[in-house]
Every structure is written in structure tokens, then in C-alpha cells.
Amino acid sequence: MNNDFDVAIIGGGISGCAAFYTLSEYTDIKKIALLEKCDKLANISSSSKGNSQTIHDGSIETNYTAMKAAKVKIAADKVMHYALSKGLQNKAIFKMQKLAIGIGDIECDFMTKRHEEFKGIFDGLRFFTKDEIKKIEPKVIEGLDGSDRVENVVASGYLESWCAMNFEKLSQNFVEEAKKTNKESEVFLNFKVIKIKENASGGYTVTSKDNREINAKFVLVNAGSYSLPLAQHAGYGKDLACLPVAGSFYFVPGTLLRGKVYAVQNPKLPFAALHGDPDVAISGVTRLGPTALAMPKLERSKYLFGNMNGELLKIDFKIGALTVVLNLLKDSDIRNYVFRNMLFELPYFGKRLFIKDARKIIPSLKLEDLTYAKGFGEVRPQVIDMGAKKLELGEKKIITNKGITFNMTPSPGATSCLGNAEVDTLEIVKYLNKTFDIDRFYKDLNVVL
Ligand SMILES: Cc1cc2nc3c(=O)[nH]c(=O)nc-3n(C[C@H](O)[C@H](O)[C@H](O)COP(=O)(O)OP(=O)(O)OC[C@H]3O[C@@H](n4cnc5c(N)ncnc54)[C@H](O)[C@@H]3O)c2cc1C
């Protein structure tokens, strides 16, 4: 095997695959290696089972400020245009209705004001009254006894939008397209990186668990939850820790909701409010979730005690990390939320508790409609900044300026994959003295400057 490459990307999830594509298609870098520990691409958070399959453009995500929404929309549009231009309609990208709903006077007031602010960012964003919602998403209005729920309900959203994505299929497509253009690039599956070391030629040698070696002038680490352990092994990011928060889903019959339904966020809570998302990989079911369960695992596995992580203990067993977590738990809203989410995982009781929250979206939901989606969901590797003593809720990047960069990409990392790939490509070409045809990248992805 010729093991000398210009760039090695560690991690074949959506972030790694998008970077592999962008570097292959739009730069003059010839030799790129994509190293993935699993036997297939996008098998962890980016798998069709792992996430909520949503292009989070900010229009209905009530936890985003207008500023964040405007930023996320640029990245979301890139992903949408990519999928449409490659003919992935109804294969990876799907069109459906999507609504953010406000329930009760306080939320209706919030949603009305939010709509006024957000319609300037989102062309064609529509406002819906309770009567209108009853026609387009009847189960949101129908109460337990069949009559309309008593509270007022309003919504902001779209009757049709390319808003659902199978990110696993998209990841595979990125790699297929990259290989069409750049025949010298290679994908290595079953390549679990255990060591990244500077070598004598000024680059890095990346070693796998089974002792294979890849040399690269630049290493981009897009290893999801494992990016931080790999960074700390290499001597970077020592001021960071990780709070892994698993998200699970419940299934309900697909006949209940016609499209995506998002609820108003409690601003105190760090994770997005429960939402309903028609599944695009399994027909006839809708996912409700994700829940938010802090657990000592960097990746979910089918067994409760499987994948418990020694690496994580090394990263997190520090006063700084514990202080941030304890400070969070001082707030009673957060504490209740954390314990409630733990109970959602319990057999028998979990479903009975979860239905109370789920009825906010579908008031007539019955216990027999709910099934715990076993094997679905993944871990969100939320980063704790021990220096700033806070939980970072978005993505985090460790730039070393030494030819190695580490990305941690919790939600909406899948939506931002091409936006992140653009940033990394700019850094890599500068470091390697190569060129990035960014005008063509923007033109192909319909980016209006
Ligand atoms: C419950 C849940 C719901 C979500 N919903 C959405 C959503 O609707 N929309 C959205 O945009 N985002 C969503 N997200 C976030 C999104 O799934 C992630 O941001 C995204 O998948 C991250 O992609 P990634 O490629 O960075 O990481 P991953 O998909 O986790 O990929 C990392 C890859 O690195 C590999 N790897 C790890 N360690 C090594 C190693 N040592 N050697 C080699 N390979 C290694 C892993 O096997 C994996 O394939 C959700 C996340 C969760 C958990």
C-alpha cells in the first residue's frame, strides 16, 4: 500500500465525507485519505438511525436566535442545493411540511413576535392560526376526547420545504462523487486510529489499532465524539472536557403527523425541545424526540454498559469539568429535566412519562401509539470549556496551526457539513500552499454573496 498522502481525514461521518468531497472536487490536492474505524461510512451520529434527519436551517428551531438562524441557513442551503443538484430527491433529501408551534398565550405571543422577526430571513415563511393548523396538521389541535384542545395554538413554517435529509445517504454520495473526480484519493474502512504522531518529514504518521500507518502533511480530525480524546492524546485541547448527552427517540404511527412539528424551547434548557419528524428511512413512522440523557459513553451501543468509556474518564475527571456540571444542576429546571430524561429510558415507566411531554405536540396520543425506538439515537458530544467554566452548545474547533485540526460537531453538525468543509478547506490549502476554487464551489452550491 502506498501510504503517503497530502491530507488524512480521520472519521467517515458526514463531516469527514463532506471535507473529502470538497477537497477532492474543488482543490488541486491530489492524495487524500479518509480513515474510518467502522466497516461502513456514516455509521454513528450521521447514520439514518442516529439523528433527527432534519436540515436545521433555523426557520422552525425555536432555540436559535435570528443571528444564529441566519448563519445556519447559509450552511443549510449549501447542503440542500448539493443534494438537489446531484438528483438525490426522494433518495437522500425529502420535501415535507414543517411547523414551529406555540401553545398557550405566552408561547403564542412568543411565536407571533418570532415570526415577524424571522420572515425577513426566511423567504415565504408563513404564519398559521389555530383554524389553519387544524386543516394542515389536525392531530396538533385534536384533544384527547376528540374535541379541539382548549389552548390557543399558532405556528410559523412552510407547507412544503426540502427539509428532511438522510445524512447517511448524503455521506455516501459525497464519497462517490469525490472518487469520480480524484482517482488518487482513498477510503480506508476498519481503520481505527489510535495514534497521531509528528514525523521526520514535517507531517504526521497516523497509526491504526492493527498497526497500519498513513503519512500525511495535514491531518483533519472529524471523529465525532472521539475528536477530543484524539486531540488530548496529541497534546491539544487540555482545557476542554466532554459532556456526552445521548438522544433517544420514540416511534409513533406515521399517520399522526403530516410533517415536522417543533415546539417552543424553554430557554433555560440546553437541548432542543421535543419534536416530531416523519422518518425518511423507514416508511410509516414518525420519530418523537430526541430525549437528552447524560451518560458516560462516547458512542451509543445496544447494551447499557457497552462502550462505557475509559478515555472519557481521563478527559472528564477534572475539577473544572465537574464544577461546570454541578453548576448546571443547581438550576431546578435543568435538574428536573436531567432526571426526567433519565426516567424516559426505563422500560414500562419511560413510555408513561414520555407521553406527557409528547402530548404537547399530539394531545390525543395513546400509550399504544408509542414505541421506544431501540437502537436509534446517538450521543451529542457537548464540549465543556473549563477555562471559561461553561458548557459550549455548538461546534468546537481546535486549530493548532501545525497541520492538524480537530473538529467537534454536535447538532446541527450534519446540516453544517459543507459550511465546515469550506472553512477546513481554506485552512488546508493555505497550509499546503494549494488552491481552492471557491468561486466554483459557491456557484455549484448556489451561494449568493
Ligand atoms: C439524537 C441526535 C439528533 C440529531 N439530529 C440532527 C438533525 O436533525 N440535523 C442535524 O443537522 N444534526 C443533527 N444531529 C447532529 C448530527 O448528527 C451530528 O452533528 C453529525 O452527524 C456529526 O457528524 P460527524 O461526521 O462530525 O460525526 P459522526 O457522524 O459521529 O462521525 C464520526 C466518525 O468518526 C469515526 N471515528 C471515531 N473515532 C475514530 C478513530 N479513532 N479512527 C477512525 N475513525 C473514527 C466514527 O466511527 C464515525 O464514523 C443530531 C445528533 C443526535 C445525537
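Values quoted throughout were computed directly from the atomic coordinates according to the rules given, and no laboratory measurement underlies them. Being a predicted model, the structure only gives us computed values, none of them experimental. Cβ atoms come from the backbone with ideal geometry, glycine included; neighbour counts cover every protein chain shown.
Considering only L298, L257, L353, the Gaussian network model of the chain with Cα springs below 10 Å gives its largest mean-square fluctuation to L353.
If each residue's Cβ is checked for other Cβ atoms within 10 Å, how do C242, C38, C17 rank with the fewest at the top? Walk me through the intermediate numbers first.
Numbers: C242 27, C38 16, C17 32.
Exposure proxy ranking, most exposed first: C38, C242, C17.
Taking amide H as placed 1.01 Å from N in the peptide plane, the amide H of T54 sits under 5 Å from that of M165, each at least 5 places away or on another chain.
Pair-distance distribution P(r) for segment 90-145, from all Cα-Cα distances in 10 Å bins starting at 0: 19, 45, 28, 8, 0 percent. Taking only alpha carbon atoms, segment 1-86 gives an Rg to Rh ratio of 1.05, where Rh is the Kirkwood radius. Out of all DSSP beta bridges with both ends in the chain, state the antiparallel percent to the nearest 5. Given both bridge residues lie in the chain, the antiparallel proportion sits at roughly 70 percent. May I ask you to derive the FRET efficiency for S283 and D109 from their Cβ-Cβ distance with R0 = 56 Å, giving the value to the nearest 0.05? Step by step, r from the Cβ atoms, then E = 0.90.
The Rg/Rh ratio for segment 363-403 is 1.30, where Rg is the radius of gyration of the alpha carbons and Rh is the Kirkwood radius.
The string of couplings for segment 113-122 from the Karplus curve (6.51, -1.76, 1.60, θ = phi - 60°) is 5, 4, 4, 4, 6, 7, 5, x, 8, 10 Hz, one whole number per residue in order, with x for Gly and Pro.
Rounded to the nearest 0.05, what FRET efficiency is calculated for L426 and S147 with R0 set to 60 Å and r the Cβ-Cβ distance? Kindly include the intermediate steps, with their values, before the conclusion.
Working: r = 57 Å, r/R0 = 0.95.
Computed FRET efficiency for L426 and S147: 0.55.
Across segment 99-238, the convex hull enclosing all Cα atoms gives 241 Å³ per residue.
Just checking the listed ones, V264, V72, V325: in the Gaussian network model of the chain with Cα springs under 10 Å, the one fluctuating most is V325. Projected over all directions and averaged, the alpha-carbon convex hull of segment 38-113 occupies 6.8 nm².
Suppose the chain between M342 and N327 were pulled fully straight at 0.36 nm per residue; how much longer would it get relative to their current alpha carbon spacing?
Computed gain between M342 and N327 is 3.5 nm.
With Cα atoms as the point set, segment 327-449 shows a radius of gyration and Dmax of 21.3, 61 Å.
Packing, taken as the mean count of other beta carbons within 10 Å per residue, orders the peptides 393-402, 209-218, 39-48, 6-15 from highest to lowest as 6-15, 39-48, 209-218, 393-402. Exposure proxy for M165, M96: other Cβ atoms within 10 Å of each Cβ, ordered fewest to most, give M96, M165.
With the convex hull drawn around the C-alpha atoms of segment 78-119, the volume per residue stands at 88 Å³. At R0 = 22 Å, how high is the FRET efficiency between N3 and A200 if r is their beta carbon distance? Nearest 0.05 is fine. Efficiency at R0 = 22 Å is approximately 0.90.
Computed over all pairs of different Cα atoms, the Kirkwood value for the hydrodynamic radius of segment 18-154 is 18.2 Å.
In segment 250-297, the alpha-carbon atoms span a convex hull of 87 Å³ per residue.
Computed over the Cα atoms of segment 389-441, pair by distinct pair, the Kirkwood hydrodynamic radius stands at 12.5 angstrom. Ranked by how many other Cβ atoms sit within 10 Å of their own Cβ, fewest first, the residues D424, D77 fall in the order D77, D424. A 25 angstrom limit on the alpha carbon distance is what I want to check against. Which of K73/K139; K91/K179; K95/K443; K37/K179; K98/K179; K78/K119 exceed it? Checking Cα-Cα distances, K73/K139; K98/K179 exceed 25 Å. In the elastic network of the chain, a GNM with C-alpha springs shorter than 10 Å, the most mobile of P410, P229, P253 is P253.
With only Cα atoms counted, the chain has Rg and Dmax values of 22.0, 74 Å.
With a cut-off of 8 Å between alpha carbons and a minimum separation of six or more residues, what is the relative contact order of the chain in percent? Numbers along the way, then the final one.
Working: 940 pairs, mean separation 110.3, N = 449.
So the answer I get is 25 percent.
Computed extension length for L353-R335: 4.9 nm, one decimal, from 0.36 nm per residue of separation with the Cα-Cα distance subtracted.
In a fully extended conformation the segment linking K443 and K390 would gain 15.2 nm over its present Cα-Cα distance, using 0.36 nm per residue. Placing +1 on the Cβ of every Lys and Arg and -1 on the Cβ of every Asp and Glu, with nothing else charged, gives segment 394-433 a dipole about its Cα centre of roughly 160 debye.
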